[in-house]
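What follows draws every value from the coordinates through simple rules; no lab data is involved. It should be emphasised that the depicted structure is a prediction, and the values quoted were computed from it without experimental measurement. All Cβ positions, glycine included, derive from the backbone under ideal geometry; neighbour counts span all protein chains shown.
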Amino acid sequence: MLRQTFILVSFLSALNLYLAEAFELQFISGLVLLISLGISVIWPEPLPPPPPPDLWSDAPEKKDREMKNCSNCGKAVDHKWSMCPYCSKKV
């Protein structure tokens, strides 16, 4: 909508430039014409609407990996690991 407004302003300033008789008014109309055309060309497109809230699936209830606790530090580690990455002791 804003881009169309700048195009309308540039059209009106071109009409004013054509119909004006005073040099100062022609200069200002030409300046407004150039600026509004420049803005209407480089103005970015609006962002797309956000995705609907039901687009993404819910997080799974159960974790994919099975964990076990380290016998030394008590932190959860993958059940396939033989060494704890936190304390470097055997699990």
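Below are the figures for this structure:
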{"item": "Cα-centre dipole for the chain with unit charges at Cβ (Lys and Arg positive, Asp and Glu negative), debye to 20", "result": "1100 debye"}
{"item": "Using alpha-carbon coordinates, inclination of helix 2-19 to the longest axis of the chain, degrees", "result": "20 degrees"}
{"item": "Pairwise FRET efficiency - I7 versus D78, Cβ, R0 = 41 Å, nearest 0.05", "result": "0.10"}
{"item": "Dipole axis of the chain (+1 Lys, Arg; -1 Asp, Glu on Cβ), positive-most option in P53, C84, L34", "result": "C84"}
{"item": "Cα-derived Rg to Rh of the range 2-42, Kirkwood definition", "result": "1.01"}
{"item": "Protection proxy ranking of 31-37, 69-75 - average other beta-carbon atoms within 10 Å, highest first", "result": "31-37, 69-75"}
{"item": "Over 17 Å [Cα-Cα, the chain], rounded percent", "result": "71 percent"}
